[in-house]
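Written out below as structure tokens is the structure these notes cover.
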Amino acid sequence: MVQFTLPKNSKIKKGKEWNPPAVDADPDRWREYRVYRYDPEGGENPRVDTYWVDMNDCGPMVLDALIWIKNKIDPTLTFRRSCREGVCGSCSMNIDGTNTLACTMHAEEAQGAAIAIYPLPHMPVVKDLVPDMTQFYAQHREIEPWLKTDSPTPQKEWRQSHEDREKLDGLYECILCACCSTACPSYWWNGDRYLGPAVLLQANRWVEDSRDERTGERLDDLEDPFRLYRCHTILNCTKACPKGLNPAAAIANLKRKMVERL
Amino acid sequence: MATPLKRVRGLGAARHGTETFWRQRLTAVANVPLVIFLIWFVVSHAGASYEVVKASLANPVVSVLMLAMIWSAAIHMRIGLREIIEDYLHNKLCKVSSLMLATFFSAGLAIASTLAVLKISLGG
Ligand code: SF4
Ligand code: SF4
Ligand code: FES
């Protein structure tokens, strides 16, 4: 059976309240953050710690708050970030109930009074907000995301018309943050065999590339009740994508191509 | 000890699934008018006597539409049940036996319904 409840050692406990502000403190100034903490070496269950961030001293994004907490309150808080402007895809996490990038999400956008932050759902946790992406990257490798050709390599470059290049719009922008895949129930239940929306969007990017000569082979490798057809068009992926891409449409396009060659 | 790539590749792509996908869309499209017809038939015969309903069912057009509905719905149901089982049941024995039961159930239902319609329409 699919595991709907957390295993015993993953059950979340109440954590520490790090810096509760004074009772008469201005509530608009201090924003409450509830952050998932897990240290595999401690042998303890995960917990949710509470921090208060001084908005007068901190930038507007959720990532700013995390960095503020790490610098000012708790240096052990662990998360990934690099570009802090939505192009590297490393700060993806579950914020206020939605998978998104911490660096492009305004703290003000959060609906909850306290902003809840968890790692990407249904992934093994390395530490705190850092998920283990090994399988996700292996799946990306599996679809061979590079140009494959058999014709002799041209002297200068593989040419592409403007119209054909436009077909890659909405696909090439993907930053592989995995917000979509880890929001997909099908990927939760069958992530070992289902490739998930992010990887399928990439697969579609190479199927759609006018320069690639192995389109049929690519489709062969995707045609599988699990790899591709576990997508039930639930559309969580499209809702989650922080780059505004539409993985569900990319998957629908792959299915259309499959039917076309029946 | 297997590498992540080895694990992800597993036994390779089955190279099928598109036929099933297409059949599910096809039966879904067919089910729309057929189910509307069924509802219309039931509503328009509400309160009618046994003989009247039996006579209507014996009409060849009605019989054909009923048979089409039975098979379209049964095929659609069989595909849907399989999807659900594969989504949620991961224990091998559980999965395989459920898949068999789903097939027997869908086929049994379709065959029994077909027999009923044929009996009426051929005047049994
Ligand atoms: S549309 Fe497909 S890929 Fe996207 S969330 Fe739904 S099942 Fe997952
Ligand atoms: S499609 Fe969007 S959510 Fe999915 S990996 Fe790419 S950028 Fe992230
Ligand atoms: S830090 Fe690069 S996407 Fe957020």
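The values are calculated or read from the model by the stated rules, or taken from the named source; none is laboratory data. Just so it is clear, the model here is predicted, and its values are computed rather than measured. Cβ atoms come from the backbone with ideal geometry, glycine included; neighbour counts cover every protein chain shown. These accessible areas exclude ligands, DNA and RNA; they are computed on the full protein's heavy atoms, side chains included. Shrake-Rupley method; radii C 1.70, N 1.55, O 1.52, S 1.80 Å.
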Handout entry: Residues within region A:36-53 that are in a strand (DSSP E or B), closer than 9 Å to A:GLY15 by Cα and open to solvent by less than 20 Å² (accessible area, probe 1.4 Å), tallied
Key = 3
Practice task
Give me a count of the residues in region B:10-52 that are touching an Asp or Glu at 6+ places or on another chain (Cβ under 6 Å) and open to solvent by 60 Å² or more (accessible area, probe 1.4 Å).
Solution key: 1
Exercise for the section: Any chance you could count how many residues in region A:84-123 are touching a Cys at 6+ places or on another chain (Cβ under 7 Å) and near ligand 3 (Cβ under 10 Å from one of its atoms)? Expected result: 10
Handout entry: Every pair of residues 6+ apart whose Cβ atoms lie under 7 Å, when the first sits in region A:130-148 and is more than 7 Å from chain B (Cβ to nearest Cβ) while the second is of a type in the set (Val, Ile, Thr) and in a loop (DSSP other than H, G, I, E, B)
Key = A:VAL130/A:THR78
Practice task
Check region A:172-187 and report whether any residue there is surrounded by fewer than 21 Cβ atoms within 10 Å (Cβ to Cβ), within 13 Å of chain B (Cβ to nearest Cβ) and closer than 22 Å to B:LEU81 by Cα.
Solution key: yes
Handout entry: Tabulated pairs, region A:79-98, first assigned to a strand (DSSP E or B) and within 14 Å of ligand 2 (Cβ to nearest atom), second open to solvent by less than 30 Å² (accessible area, probe 1.4 Å) and polar (S, T, N, Q), C-beta under 9 angstrom, 6+ apart or interchain
Key = A:SER92/A:ASN99; A:SER92/A:THR100; A:SER92/A:THR182; A:MET93/A:ASN99; A:MET93/A:THR100; A:ASN94/A:THR100; A:ASN94/A:THR182
Practice task
Scan region A:195-221 and report the pairs whose first residue is outside the structural domain of A:ILE175 (by TED's automatic domain parsing) and whose second residue is away from ligand 2 (no atom under 16 Å from the Cβ) and open to solvent by 30 Å² or more (accessible area, probe 1.4 Å), with Cβ atoms within less than 6 Å and a gap of 6+ or a chain change.
Solution key: none
Exercise for the section: Go through region B:71-102 and give me each residue that's open to solvent by less than 40 Å² (accessible area, probe 1.4 Å) and β-branched (Val, Ile, Thr). Expected result: B:ILE79, B:ILE85
